[in-house]
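Colleague: Once you've had a glance at the structure underneath, I'll fire off some questions.
Quick note: the coordinates plus some simple rules give every number you see, no bench work behind them. The structure displayed is predicted, hence computed values, not measured ones. All Cβ positions, even for glycine, are placed from backbone atoms using ideal geometry, and neighbour counts span all protein chains on display.
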Amino acid sequence: MPGMGTSDTAGAPSGRSIIPMMKHPMMPGLEGVRPAVAAFLPHMSGGAVAALPSAIPTAELRVGDGDTVTLAATIVRRTIAGHTIAMYAFNGQTPGPLLRVTQGSTFYVRFRNAIDQPATVHWHGVRIENPFDGSPALTQPPVPVGGTFVYAVHCPDAGIFWYHDHVREDIAQPMGLYGNLYVEPSAPVDGGSRLRHEFLMLSDLLFDGDSIVPFGADAPNFALMGRFGNELLVNGEPRWTMTASSGEVVRFLITNASSARTYNLSFGGAPIKLIASDQGPYAREVVVPSIVIAPGERQVADVRFERSGAVAVVNAVQTIDHFLGEFFANIDTVGRVTVAGRSADADGDGAAFDTLHDDTATVRDIARFRPAFDRPPDEAIVLTTEIRDLPIPVMQFMSVDTLFRPALEWTDGMADMNWVATGKEVRWVIRDQRSGAENMHIDWHFHRGAMVKVRVFNDPRSLHPMSHPLHLHGQRFLVVARDGEPNPYLVWKDTAIIPVGSTVDLLLDLSNPGQWMLHCHIGEHAAAGMMAALTVDAN
């Protein structure tokens, strides 16, 4: 069709002349239509994948105050579910090394870019000094192929953070450039510190036969909904396993490194208690039936394994096929816990688990901000999109007034329509409701120490409304209200899901001077324009 190229299928690594759709039947009128972007895959023109070095398992790296470590982004060979592919890695590891430091430490990272595109390292959630935030064109130029950059990483807050590339998140994250940073509290804060800690990094890959469905070279494909993989990974592996004792309480530190997928995790009916999120403990612990976690978010949860046997860790969501008007369950087993024997601490751990604790430090900290909870917003933004020049059947379908618009899309029920939409036709928008400025033209200035209330509305009337995990660099915020109702589950955040049609009030604690990105953490949405910046002046 006019304006739609064929380059995304030329020389497809699978050997096919046409990459098949991820669902059947296709939307009528899309047969033969291809994204209008050239194809890109790691190591696409670099020789045989078999000649690449094999990836190695993720290892923990303890880093002391003042230490210097090296993070090298390289291209490696991995075999996942029988598919051998080229991927990216930090220090040969996918995910990258688990960096473990103590709260208050400052360490230095010599980053070397040895992949085939520019890259940076963003320290997601860390209230870092602005020059080392890793935001390309805002805090630093992208590190060129073969280049280096030294980051000074100061860690004022305890908790679970992560690091990843920020030049083309839609490519580098699925391809492996991510890892956890665990900042241990400088002093014990609760009895849970003695529990066994398990780190889970969630991600997914989209395969076509034995190869990855190519990315867009000069603009993202899958620009409507983001890229949802058909192989779900935990810590880089398709079948994660662990063992536990009957009665044992295990603390899981979970990071969603997927480009677009929001997860709904459960542990075979084992009781779950949320302890902390992005920037620290919940003011009061929360019992939940499952753990909902959007791209960029972290959740810390205690899970009690009460009975012996095999426990399936599942992602249970609903797929919506808008074209066929079908709703159906989509349940994936992402891991398995084998429970055997009896924990020596079962009785004590069980009693502690059954109590919902208040975190006194968090309660005291949040109390300073409560007077601002109910005041009018200082700023207001709307999340929307502009779409043009997609194939006529797609444009007609999206314009139907009766199209069902769910608050959250858990997975991709319209993969053919999503695949052909690129950043050339789709522009995702953050719009300042006061000035009308959009994305990087928004010009917000605040003074250091300001408490700023921002009202976010996700417009359900746009041609393709989507939920957006909104991420703010270098600062922290509270979600104080949703759709006019106070949020009872208070916790410091840096990433929050904004459902379609919802109005969410965020109270920003702007304690860190510099220029900071505010963007959707669906990689394809950010690459298609959905990013703004705010300035916090030092004085």
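Colleague: Short version: ³J(HN,Hα) in whole Hz for each residue of the stretch 469-476, in order, from phi by Karplus 6.51 cos²θ - 1.76 cosθ + 1.60 (θ = phi - 60°), x for Gly and Pro, what are they?
Modeller: Listing the rounded values in order: x, 8, 10, 10, 6, x, 9, 9 Hz.
Colleague: Summing +1 for each Lys or Arg and -1 for each Asp or Glu, what net charge is found among the other residues whose Cβ lies under 9 Å from the Cβ of residue 476?
Modeller: Counting the neighbours of residue 476, the net charge comes to -2.
Colleague: Is it possible to state the helix-based mean residue ellipticity at 222 nm for the chain, with each DSSP H run of 4+ residues giving -39500 (n - 2.57), the sum divided by total residues, to the nearest 500 deg cm²/dmol? What is it?
Modeller: Mean residue ellipticity at 222 nm (helix-derived): -1500 deg cm²/dmol.
Colleague: Same structure, new question: Return the sequence-ordered ³J(HN,Hα) values of the stretch 86-101 in whole Hz as given by the Karplus equation 6.51 cos²θ - 1.76 cosθ + 1.60 applied to θ = phi - 60°, using x for Gly and Pro.
Modeller: 8, 9, 8, 7, 9, 6, x, 10, 10, x, x, x, 7, 8, 10, 9
Colleague: Let me ask something else. Ranking request for peptides 252-264, 195-207: highest mean number of other beta-carbon atoms within 10 Å first, then the rest in descending order.
Modeller: 252-264, 195-207
Colleague: Let me ask something else. Alpha carbon centre of the stretch 46-115 versus the stretch 450-476: separation in Å?
Modeller: First find each Cα centre; the distance between them is then 32 Å.
Colleague: Continuing with the same structure: Could you state the number of Å between the C-alpha centres of the stretch 304-364 and the stretch 136-181?
Modeller: 30
Colleague: Please list, in chain and number order, the residues 5+ apart from residue 476 or on another chain whose amide H is under 5 Å from its amide H, with Hs placed from the backbone.
Modeller: Here the answer is 509, 511, since their amide H atoms fall under 5 Å of that of residue 476.
Colleague: Please turn the phi angles of the stretch 429-445 into ³J(HN,Hα) values with the Karplus equation 6.51 cos²θ - 1.76 cosθ + 1.60 (θ = phi - 60°), one per residue in order, whole Hz, x for glycine and proline.
Modeller: Computed from phi, the couplings for the stretch 429-445 are 10, 9, 10, 6, 5, 7, 9, x, 5, 10, 6, 6, 8, 5, 10, 9, 10 Hz.
Colleague: What is the order of 105, 135, fewest Cβ neighbours within 10 Å to most?
Modeller: 105, 135
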